[in-house]
Amino acid sequence: MPIYEPGRRVAIIAGVRTPFAKAGTTLRALSAIELGKIAVSELVHRTDLDPASIDLLVFGTVLPSVLAPNIAREIALMPLLPKRLDAYSVSRACASANQAITNAADQIALGHAHVAIAGGAEALSSVPILHSRGFSDALVAASKAKTLSARLQAFAKIRAKDFIPITPAIAEPTTGESMGQSAEKMAKLNGVTRDEQDALALASHENAAKGTADGRLTAEMVPVMVPPKFAAAMTSDNGIRSDTTAAALAALRPVFDRRYGTVTAGNSSPLTDGGAAVLLMSEEAAKAAGLQPKAYIRSYAYAALDPGEQLLQAPVLAAPMALERAGLTLKEMDLVEMHEAFAAQVLSNLRGFESQYWAERAGFSSPLGAVDRTRLNVMGGSISIGHPFGATGARVTTTLVNELERRGGQFGLMTVCAAGGLGFAMVVERA
Ligand SMILES: CC(C)(COP(=O)(O)OP(=O)(O)OC[C@H]1O[C@@H](n2cnc3c(N)ncnc32)[C@H](O)[C@@H]1OP(=O)(O)O)[C@@H](O)C(=O)NCCC(=O)NCCS
């Protein structure tokens, strides 16, 4: 039973993103808010959308600015958009843009909105660095002190270790395990070899390089003038290595388990800066505005498992649910887009789709089956293109609907794994 049957169909009209840049490189001077504004304003201009018609803006980010935590509202307050535009932010780790999209879609399906922009952005070049608790306590005490000696006393309590800053770790708060360590564990538990991981990484780079060379990937981007000089434009993702080879990948040393590991910088997604946004509309609103939808959201599902188990395996639980809600099978999918946090995770998820054990865990009597690899991540994935946590879900959605249209396909499945043992899947149908 399609999930949106009782409500209105939600159309995906278009998507736009910034080029993705490895953290610390070309886009390092831009905040997530600025990256989001660039993607959203291009989306409005490219679709010739009347800004006054937008009802809602939902945006995802994983590491928000401490000073402006509601990224969506900051974006909505750019001069192009009306000040009355309702806007709020969501966080669901690497599936944050997916959460933004499904929140906005729900509002359209319910009839609460007709036109919504949803997406996400991440600036991993500028993650917030915090003072230790001891140092913060001393600063607060000093600010409240009424005399010079009381102020000095507050600072006297600071110990050497208090000067060590705290940087956000890509690790599970409950288990302490980093994403990379989880990927290592999943490779071992699912029997995923180094060769398989490197082959998937190579395919990711080759497909993304092809998509860049023939303009399919770059068509989804808005060129970004690079601050502070604004003398040059960034026009394509800078992590794609058109020259990488199986031999070069095989030569890289494991990062997260140096002695026995298989996960390397080459078969992991890099830390990345970027922003992405999609335009969603009710069918009636699209018709009234003369906009041709690319696809409709047919169904979606979220799932979760114990993060201490296989942190990035929950797409295996979400995908069968989304397909069941769509009333469709994996075989009917013309394209499959899977977020590539690590090659080890994608390959573990693919193994899970074929496994009786995981089917039963998801509440089904038989597995989904094997994904046709010629339909998987045909324009590359997060390993090559990059992975700005908050933005990836909107990047994947845009690519899926564009490529579905290009190939004349009918149905597409996307999956995204996320911290906390969360997983997402969505089925789209070409309009
Ligand atoms: C894996 C990780 C630690 C690597 O970081 P890094 O060391 O800064 O990565 P680099 O890009 O500098 O690559 C390291 C080396 O591998 C090489 N390399 C990377 N990819 C390569 C490829 N495809 N082909 C050939 N060489 C490659 C680089 O050239 C570099 O070589 P050098 O040291 O001689 O310059 C980092 O990307 C990371 O933490 N990724 C995971 C992020 C994560 O957990 N995300 C959450 C997932 S949801």
Original post:
For the range 280-372, what's the relative contact order in percent, using C-alpha pairs closer than 8 Å and at least 6 residues apart?
Top reply: 24 percent
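From the Cα trace of the range 1-86, what convex hull volume per residue do you get, rounded to a whole Å³?
Roughly 150 Å³ of hull volume per residue.
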**OP:** Sort out for me the Cα centre separation of the range 39-101 from the range 141-175, rounded to whole Å.
**Re:** 35 Å
Subject >> Candidate aspartates and glutamates for bridging to residue 157, where Cα separation is under 12 Å - those fewer than 8 sequence places away on the same chain excluded >> reply: 137
Original post:
If you plug each phi of the range 336-353 into the Karplus form 6.51 cos²θ - 1.76 cosθ + 1.60 with θ = phi - 60°, what whole-Hz ³J(HN,Hα) values come out, in order, with x for Gly and Pro?
Top reply: 10, 10, 10, 4, 9, 5, 8, 4, 4, 6, 4, 5, 5, 4, 4, 4, x, 4
Subject >> Prolate/oblate/rounded call for the range 369-419, Cα gyration tensor, a/c under 1.5 rounded >> reply: prolate
Original post:
Got a sec? Which residues in the range 376-408 would a label at residue 45 touch, if it sits 7 Å along Cα→Cβ and we count backbone N under 16 Å?
Top reply: none
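Helix-only mean residue ellipticity at 222 nm, the chain, DSSP H runs n ≥ 4 weighted -39,500 (n - 2.57), per residue, nearest 500. What is it?
On the way: 14 runs with 150 residues, N = 431.
Computed ellipticity for the chain at 222 nm equals -10500 deg cm²/dmol.
How much length is gained on full extension from residue 189 to residue 133, taking 0.36 nm per residue of separation minus their Cα-Cα distance? If you can, show how the numbers build up before the last one.
Values: separation 56, 0.36 × 56 = 20.16 nm, distance 3.81 nm.
That works out to 16.3 nm of additional length.
If I take R0 = 60 Å and measure r between the Cβ atoms of residue 355 and residue 158 in this structure, what FRET efficiency does the formula 1/(1 + (r/R0)^6) give, to the nearest 0.05? Could the numbers behind the result be given before it?
Details: r = 54 Å, r/R0 = 0.89.
Computed FRET efficiency for residue 355 and residue 158 comes out at 0.65.
Given contacts defined as C-alpha pairs under 8 Å and at least six residues apart, what's the relative contact order of the range 165-255, whole-number percent?
Details: 53 pairs, mean separation 20.8, N = 91.
Value for the range 165-255: 23 percent.
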Original post:
If the chain between residue 175 and residue 213 were fully stretched, how many nm would it gain, using 0.36 nm times the residue separation less the Cα-Cα distance?
Top reply: 9.5 nm
Original post:
Normalised by the residues of the chain, what does the relative contact order come to in percent, with Cα pairs under 8 Å and at least six apart?
Top reply: 27 percent
Original post:
Over all pairs of distinct alpha carbons, what does the Kirkwood formula give as the hydrodynamic radius of the range 224-337, in Å?
Top reply: 19.5 Å
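Mind checking the full-extension length gain between residue 126 and residue 370? Use 0.36 nm per residue of separation minus the Cα-Cα distance, one decimal, nm.
Details: separation 244, 0.36 × 244 = 87.84 nm, distance 3.97 nm.
Here the answer is 83.9 nm.
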Subject >> Pairwise label distance in nanometres, residue 146 with residue 233, each label 7 Å out on the Cα-Cβ vector >> reply: 6.2 nm
Original post:
Where does the chain land on Rg/Rh, using Cα atoms and the Kirkwood Rh?
Top reply: 1.00
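Each reported figure results from applying straightforward, stated rules to the coordinates on display, with no laboratory input. These figures come from a predicted structure and were not determined experimentally. Positions of Cβ are backbone-derived with ideal geometry, glycine not excepted, and every protein chain shown enters the neighbour counts.
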